[in-house]
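K.L.:
Before I ask anything, let me first share the structure, which is written out below as structure tokens.
The values are calculated or read from the model by the stated rules, or taken from the named source; none is laboratory data. Here the structure is a predicted model, which is why all the values come from computation and not from measurement. We place every Cβ from the backbone using ideal geometry, glycine too, and count neighbours over all the protein chains shown.
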Amino acid sequence: MKRVAFMFPGQGSQTVGMGKEFYDAYPEIKELYEEADKTLDFSLSEIMFTGPKETLTLTENAQPALLLSSIAIHTLLIKQEIQPVMAVGHSLGEYSALVAAGALSLEDALPLVAARGRLMEEAYPAGKGAMAAVLEMAQEDIETVLNGMPTDEIVDIANLNCPGQIVISGTKEGIEQASAKLKDSGAKRVLPLNVSGPFHSRLMKAANEQFAKKLDEVAITEASIPVYANVTANPVTDNEKIKDLLLKQLYSPVRFEESIQHMLDEGVDAFVEVGNGKVLSGLVKKISRRTKTFAIQDQESMDAFISWYKE
């Protein structure tokens, strides 16, 4: 039996029309979407299928949309008796991984991530925070620059994605100052990201108390497979630990590259991106060029993966 790891994408991977092909083709997926709309008390499926893009991109919509599309695809893979041996998600994707691992129910996870999105938006005034991707610069060198920043401007490392791609997050002014300093210090490029807030930085701590209350309202059970946590890059199955890490995840860096390295050490035949987009499979290729990857977002890509898995 092939050993596969499932990966679940995070915010930024959403596109209008996502999931529609599976919704039209499979009655059980249509039912899943209809249940989700009922759970959320608004038509998330309509926003996903017809947009507009600006509405889908709102954090409180994008997060449940990505979760739902990932779990729909996961449902179809399980029906084909394809079980991953481990899972990982990027930021919001960690919730999809936990649903796939049976630690969270979809019914609990959908309103939870919608609330998470809303609290992340409210944690820092709109337009006052920013994020940027720093290309081709070592983590230590980035940290040296950030440690020399003025104390009134907060800038933190937010995502450690792959060799040569690290994302920083903080105040708008801080990101602008840091970007200029990083370029002067040897970064190949510093690209501003199209996001609405300073996610995975200390500025998100303001959302902590409210989000802790939301987490207390949902049942988290032991995960059936190891889920590699963003905060530690280590496998977790224990429900209390999962809860603690989800809280810290809001304001801690996403250690994606390290997670993938640890998963590679455990031995997998392929990494499978379950959900919209191909961002994570692209990152895995940069971490380990020889590793086999699949990105499933439509029937064609699903069929290709299933035929490889079953041959």
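K.L.:
Looking at (1) on the phi < 0 side of the Ramachandran plot; (2) not in a helix (DSSP H, G or I), find the lone condition where residue 182 falls short.
P.N.:
Against the list (1) on the phi < 0 side of the Ramachandran plot; (2) not in a helix (DSSP H, G or I), residue 182 comes up short only on (2).
K.L.:
Sticking with this structure for a sec: Cβ contacts < 7 Å: first residue within 19 Å of residue 119 (Cβ to Cβ) and of a type in the set (Phe, Trp, Tyr), restricted to segment 236-253; second residue modelled with pLDDT of 95 or more and surrounded by 15 or more Cβ atoms within 10 Å (Cβ to Cβ), any location; separation 6+ or different chain. Result?
P.N.:
Here the result reads 251/200; 251/201; 251/204, each pair linking segment 236-253 to a residue that is modelled with pLDDT of 95 or more and surrounded by 15 or more Cβ atoms within 10 Å (Cβ to Cβ).
K.L.:
Which of the helices (runs of 4 or more DSSP H) contained wholly in segment 34-149 include at least 1 residues that are under 18 Å from the mean Cα position of the chain (by Cα) and polar (S, T, N, Q)?
P.N.:
On the way: elements: 44-50, 53-57, 59-79, 93-100, 106-122, 139-147.
Because the criterion is at least 1 residues that are under 18 Å from the mean Cα position of the chain (by Cα) and polar (S, T, N, Q), the helices (runs of 4 or more DSSP H) in segment 34-149 that meet it are 53-57, 59-79, 93-100.
K.L.:
Which of the following residues is surrounded by 15 or more Cβ atoms within 10 Å (Cβ to Cβ), at negative phi and aliphatic (A, V, I, L, M): 206, 219, 304?
P.N.:
Only one candidate qualifies: 206.
K.L.:
Same structure again: Inspect all residues belonging to segment 229-236 and state whether any of them is in a helix (DSSP H, G or I), within 28 Å of residue 282 (Cα to Cα) and assigned by TED's automatic domain parsing to the domain that holds residue 78.
P.N.:
No, segment 229-236 has no match at all.
Conditions tested, residue by residue: (1) surrounded by 14 or more Cβ atoms within 10 Å (Cβ to Cβ); (2) in the same structural domain as residue 244 (by TED's automatic domain parsing); (3) out of contact with any strand residue (DSSP E or B) (no Cβ under 6 Å at 6 or more places or on another chain).
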residue	(1), (2), (3)
114	yes, yes, yes
119	yes, yes, yes
133	yes, no, no
140	no, no, yes
146	yes, no, no
158	yes, no, no
162	yes, no, yes
168	yes, no, no
215	yes, yes, yes
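K.L.:
Got a sec? Which helices (runs of 4 or more DSSP H) wholly within segment 242-311 have at least 2 residues that are under 24 Å from residue 164 (Cβ atoms)?
P.N.:
256-266, 279-287
K.L.:
Answer yes if at least one residue in segment 18-30 is part of a helix (DSSP H, G or I) and under 20 Å from residue 219 (Cα atoms), and no otherwise.
P.N.:
no
K.L.:
For segment 148-175, name all the residues that are within 20 Å of residue 188 (Cα to Cα) and polar (S, T, N, Q).
P.N.:
Within segment 148-175, 159, 161, 165, 169 qualify.
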